[in-house]
Amino acid sequence: MALKLRFLAMLLFLLLASTAKANPSVFDVTSATYGAKPGSDVTKALAKAWSDACASPSASKVVVPSGTYKLKEATFRGPCKAPIEMQVRGTLQAPANAGQFTRPDTWVGFQYIDKLTLSGGGTFDGQGALVWGQNDCHKNKNCKPMPINLRFEFITNSRVQDITSLNSKNFHMHVFRCKYTTFQHLTITAPEESINTDGIHIGASTGVNITHAKIRTGDDCVSIGDDSHQITVTDVTCGPGHGISIGSLGRYKEEKAVTGIIVKNCTLTNTQNGVRIKTWPDSPSSSTASDIHYENIIMVNVSNPILIDQLYCPYTRCDQKPPSKVKINNVSFKNIKGSSFTPLAVKLVCSRGLPCENVKLTNIDLTYSGDQGPLTSLCSNVKPTITGMKKALACATSSLAPLPLSKK
Ligand SMILES: *[C@@H]1O[C@H](CO)[C@@H](O)[C@H](O)[C@H]1NC(C)=O
Ligand SMILES: *[C@@H]1O[C@H](CO)[C@@H](O)[C@H](O)[C@H]1NC(C)=O
Ligand SMILES: *[C@@H]1O[C@H](CO)[C@@H](O)[C@H](O)[C@H]1NC(C)=O
Ligand SMILES: *[C@@H]1O[C@H](CO)[C@@H](O)[C@H](O)[C@H]1NC(C)=O
């Protein structure tokens, strides 16, 4: 009998333990404990729900139900005791004004968390329209930083999925020192004219994947900065925007290498650039960008569909004479089709000091139907291996002479 009871108790324990594992504890900001209400400010309730969930010894879930809530700012910090999910089903709205943030460069931040899931189908509305005109960081080094909608720092083994970032004041998402994290099924939206609203910027991160994202914004849809490795971008649609970019690189001292980038199955529509690698001339120190592969890309009316630009110099005056010290190596462009808005559809301008090496162009089929001259291509300080494409796209002009600086 006692044995049987002990057995039953054991069973019950196992059952409870397994349901605890299957159902994370829920921390709903609108529950009596936290008291948030749609239409009101959720800042304190959300901070409290996060710290309780983060302290939970088993898996937990913070829930923001449907409805619109004001959120002044938030930094969700780990480490947490167990995997944690934040499920935002409603809309979180930032203050329209940029003057009142504790971290002036961040609206919502996630830091030092392992096994985070951010999900829910909801929207982070940065309400950026008022401040876009004030953002002069692209030309003023001492500018006032504008808050980024979502910042991920030191996040590992995590997922960010099914959320929308709307009208960010600055970059929509900034991913820094993250590892093995996937961003998927995202919608990122801001007007074409909004300033500096990069979709997802990745820096100093390893093993980050972006897949199934619809990005329409005022700057790069995806940009990848120095010290980034094993980054995969697939099934992303971009446009309007400035394209999918690596860089800019070589502007600052002691930048680290970029290695292992794959961009596959993406469509760019009406963007300023398609796939681009940009580095500054006159770099203060040397670095490399290598193992970069673009495949199955569709361009629709893209101004510069394929672009390596080692004379990148927007807004400021650069000294053009010292060439870029970023070495570009092992880059392939394969199966890239569609239409160019300018006749110069392929432009590979490499460093005069460190020519690009091991560049391949395979099956590039771009068309131009405007009246600015015939379709053409330009290669400078690079001799790519070319297969399966018409002459006009296969380095129709080759040059080793310095070219004028690019202004965009
Ligand atoms: C990212 O994609 C690569 C290539 O498809 C895959 O090997 C890797 O496991 C993925 N990483 C994550 C975190 O999903
Ligand atoms: C890319 O598209 C091809 C053809 O549609 C498909 O077979 C492949 O699985 C896709 N790859 C990725 C990584 O999405
Ligand atoms: C093509 O791109 C150019 C430049 O971005 C833009 O002005 C034009 O409206 C686009 N054409 C179409 C049909 O969208
Ligand atoms: C080029 O890149 C691919 C993929 O990242 C890598 O497997 C290969 O070893 C690289 N080749 C060279 C010559 O560096």
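Nothing in this text is a laboratory measurement; each read-out follows from the coordinates by a stated rule. In this text, all values refer to a predicted model and were calculated from it rather than measured experimentally. Cβ coordinates were reconstructed from backbone atoms using ideal geometry, including for glycine residues, and neighbour counts include every protein chain displayed.
Report the full-extension gain for the segment Lys72 to His212: residue separation times 0.36 nm, less the Cα-Cα distance, to one decimal in nm. Don't skip to the answer; put the middle values down first.
Values: separation 140, 0.36 × 140 = 50.40 nm, distance 2.93 nm.
Extending this stretch completely gives an extra 47.5 nm.
In percent, what relative contact order does the range 220-399 have, based on Cα pairs under 8 Å that are 6 or more apart in sequence? Could you put the intermediate results ahead of the total?
On the way: 571 pairs, mean separation 31.1, N = 180.
Answer for the range 220-399 is 17 percent.
How big is the convex hull of the Cα atoms of the range 220-399, per residue, in Å³?
Numbers: hull volume 18.0 nm³, N = 180.
About 100 Å³ per residue, rounded to a whole number.
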Legend entry - Packing-based exposure ordering (other Cβ within 10 Å, fewest first) of Met299, Met86: Met86, Met299
Inset, instruction - Measure nothing fancy, just the Cα-based angle from helix 2-22's long axis to the longest principal axis of the chain, in degrees from 0 to 90, nearest 10. - result: 40
Inset, instruction - Quick one: what are the phi-derived ³J(HN,Hα) couplings along the range 319-327, Karplus 6.51/-1.76/1.60 with θ = phi - 60°, whole Hz, x for glycine and proline? - result: 7, 7, 5, x, x, 4, 9, 8, 8
Inset, instruction - Output the Kirkwood hydrodynamic radius of the chain, Cα pairs only, in Å rounded to one decimal. - result: 22.6
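Based on alpha-carbon positions alone, could you give the equivalent ellipsoid semi-axes of the range 107-261 from the gyration tensor, as √(5λ), descending, whole Å?
Values: eigenvalues 90, 73, 43 Å².
For the range 107-261, the semi-axes come out at 21, 19, 15 Å.
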Inset, instruction - Sum up the charges of everything whose Cβ sits under 14 Å from the Cβ of Gly353, counting Lys and Arg as +1 and Asp and Glu as -1, but leave Gly353 out. - result: +1
Legend entry - Under the Karplus curve 6.51 cos²θ - 1.76 cosθ + 1.60, θ = phi - 60°, whole-Hz ³J(HN,Hα) for the range 53-70, x wherever Gly or Pro sits: 5, 5, 7, 5, x, 10, 3, 9, 9, 8, 10, 10, x, 5, x, 10, 10, 8
Legend entry - With 10 Å bins from 0: P(r) over the range 173-239, alpha-carbon pairs, percent: 23, 54, 22, 1
Legend entry - Positive-end residue, the range 220-399 charge dipole about Cα centroid, Cβ charges, pick of Val382, Thr279, Gly239: Val382
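Using R₀ = 45 Å, calculate the FRET efficiency as 1/(1 + (r/R₀)^6) where r is the Cβ-Cβ separation of Lys115 and Asn335; round to 0.05. Show your work: numbers first, answer last.
Working: r = 36 Å, r/R0 = 0.80.
Taking R0 as 45 Å, the efficiency between Lys115 and Asn335 is 0.80.
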Inset, instruction - Run a plain Debye calculation on the range 239-342 (Cα atoms as equal point scatterers, no solvent) and give log10 I(q)/I(0) at q = 0.16, 0.20 Å⁻¹, rounded to two decimals, same order as the q list. - result: -0.70, -0.99
Legend entry - Orphan Cys of the chain, criterion: no other Cys C-beta under 4.7 Å: Cys178, Cys266
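Percent relative contact order of the chain, based on C-alpha pairs within less than 8 angstrom and at least six residues apart?
Averaging sequence separation for qualifying contacts and normalising by length gives 8 percent for the chain.
Return the calculated 222 nm mean residue ellipticity for the chain, to the nearest 500 deg cm²/dmol, obtained by summing -39500 (n - 2.57) across DSSP H runs with n ≥ 4 and dividing by the residue count. Write down the numbers at each step before the final one.
Values: 2 runs with 34 residues, N = 408.
Per the formula, -3000 deg cm²/dmol.
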Inset, instruction - Mind checking which lysines have their Cα closer than 28 Å to the Cα of Lys321? Skip sequence neighbours fewer than 8 apart in that chain. - result: Lys139, Lys141, Lys253, Lys256, Lys278, Lys347, Lys360, Lys383, Lys407, Lys408
